[in-house]
Amino acid sequence: MFLGKNAEIFTPGQGNLSQTTDLCIGAHQDDIECMAYGPIAACYGNPDRHFTGVVVTDGGGSPRTGVYADYTDDDMKQVRVTEQKIAAQIGRYLAQVFLSYKSGEVKDPTTRSLTEELKSLILATSPENLYTHNLADKHDTHVAVALHVIKALREIPTEKRPKKIISMEVWRSLDWLCDEDKVIHDTGVYPNVSSALIGIYDSQVSGGKRYDLATQGRRLANATFFASHAVDDFQGIEFGLNITDLVYSNTEPTDFIVKYIERFKDDVIKRITSLS
């Protein structure tokens, strides 16, 4: 299944990959926990749903200060893998997969091995729901992962593809989407688990990036600012964009996401015009 020598499957849960119902494919260690806590929580303690995470890159090149200031890149890779494994245990994942690609390899659209490995993983897990990065993310590696996922899914027989494919927010909120285009995931349940999943990434938090506060803040802001004339229905929300139709069509990814950008543009123009 895997071509990279450092690839690994960590299985904190009891069972096999084929029991996966919810599969999340993220670029870096901690991306899964930042963007897909809603699906993680929906699977948590649920005997009918099982979450599997996939991290594509090896964790190299991350910023570091404090106790991590003198860590080599190889040291940091190992720390980040360990943190991801602990997160998988906290979140009761069925499995956590590490593909261990370099970011440069991921951003190269000709890296055929990644597409093939993703195809193998999707076929092995056979998930009902698949989550990955969104095409409007501002992190190049995140967008590259999404494109590899789309390519892999399109090469899988239609009957073996997930029923639902959702792209999620990390390095750009999806708050800008028109409300009718937002997929809403409740992140207000098991707040202790939610905090632990982000807090475990000490190499990032103590290393200079307060993902623990920023992630929880975004979720709360999404919930509070979602509806202006109603009380909050959720204590936290993650927004997603459904890209199932993109995968099942021949539409270019650029054309697909621009359609939603144009909807946002039209909504802004319509509101200003109606009030002018």
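Just to be sure before I move on: is VAL189 within 17 Å of ALA36 (Cβ to Cβ), over 17 Å from the mean Cα position of the chain (by Cα) and surrounded by 15 or more Cβ atoms within 10 Å (Cβ to Cβ) in the structure I sent? Yes. Residue pairs whose Cβ atoms lie under 8 Å apart, sitting 6 or more positions apart in sequence or on different chains, and linking a residue in region 184-206 that is of a type in the set (Phe, Trp, Tyr) to a partner that is modelled with pLDDT of 90 or more and open to solvent by less than 30 Å² (accessible area, probe 1.4 Å), are TYR190/ALA41; TYR201/GLN29; TYR201/ASP30; TYR201/GLU33; TYR201/ARG80; TYR201/GLU83; TYR201/ALA87.
Among the conditions (1) modelled with pLDDT of 95 or more; (2) open to solvent by 60 Å² or more (accessible area, probe 1.4 Å); (3) under 22 Å from ILE40 (Cβ atoms), the only one that ARG154 does not satisfy is (3).
Cβ-Cβ contacts under 8 Å between residues 6 or more apart (or on different chains), taken from a first residue in region 219-232 that is hydrophobic (A, V, I, L, M, F, W, C) to a second residue that is modelled with pLDDT of 85 or more and assigned to a helix (DSSP H, G or I), are listed as PHE226/ASP179. Tell me, which residue of region 86-97 that is within 18 Å of ALA27 (Cα to Cα) and either in a helix (DSSP H, G or I) or aliphatic (A, V, I, L, M) (or both) is most open to solvent (accessible area, probe 1.4 Å)? Selected residue: ILE86.
Which one of these does ASP137 not meet: (1) open to solvent by less than 60 Å² (accessible area, probe 1.4 Å); (2) among the acidic types (Asp, Glu); (3) in a helix (DSSP H, G or I)? Answer for ASP137: the failing condition is (3). Residues in region 65-82 that are hydrophobic (A, V, I, L, M, F, W, C) and in a loop (DSSP other than H, G, I, E, B): ALA69 alone.
Here is a yes/no grid of residues against (1) touching a helix residue (DSSP H, G or I) at 6+ places or on another chain (Cβ under 7 Å); (2) at pLDDT below 95:
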residue: LEU17; (1), (2): yes, yes
residue: ASP22; (1), (2): yes, no
residue: GLY26; (1), (2): yes, no
residue: ASP30; (1), (2): yes, yes
residue: ASP58; (1), (2): yes, yes
residue: SER62; (1), (2): yes, yes
residue: VAL67; (1), (2): no, yes
residue: ASP74; (1), (2): no, yes
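Checking the structure you have, find out if any residue of region 249-260 is over 30 Å from ILE156 (Cα atoms) and open to solvent by 80 Å² or more (accessible area, probe 1.4 Å). No: region 249-260 contains no residue that is over 30 Å from ILE156 (Cα atoms) and open to solvent by 80 Å² or more (accessible area, probe 1.4 Å). Within region 21-43, the only residue that satisfies the criterion of being out of contact with any Phe, Trp or Tyr (no Cβ under 8 Å at 6 or more places or on another chain) and part of a strand (DSSP E or B) is GLY26. Among the candidates SER18, SER100, SER62, the residue that is surrounded by fewer than 24 Cβ atoms within 10 Å (Cβ to Cβ), in contact (Cβ under 8 Å) with a residue 12 or more places away in the chain and assigned to a strand (DSSP E or B) is uniquely SER100.
Taking region 97-138 as the range and being out of contact with any Gly (no Cβ under 8 Å at 6 or more places or on another chain) and of a type in the set (Phe, Trp, Tyr) as the test, only PHE98 passes.
The values are calculated or read from the model by the stated rules, or taken from the named source; none is laboratory data. From a predicted model like this one, the values you see are computed outputs, not experimental measurements. Because the Cβ atoms are built from the backbone with ideal geometry, glycine has one as well, and the counts that use them run over all protein chains shown. Protein only, heavy atoms only, side chains kept; ligands, DNA and RNA dropped before computing areas. Shrake-Rupley method; radii C 1.70, N 1.55, O 1.52, S 1.80 Å.
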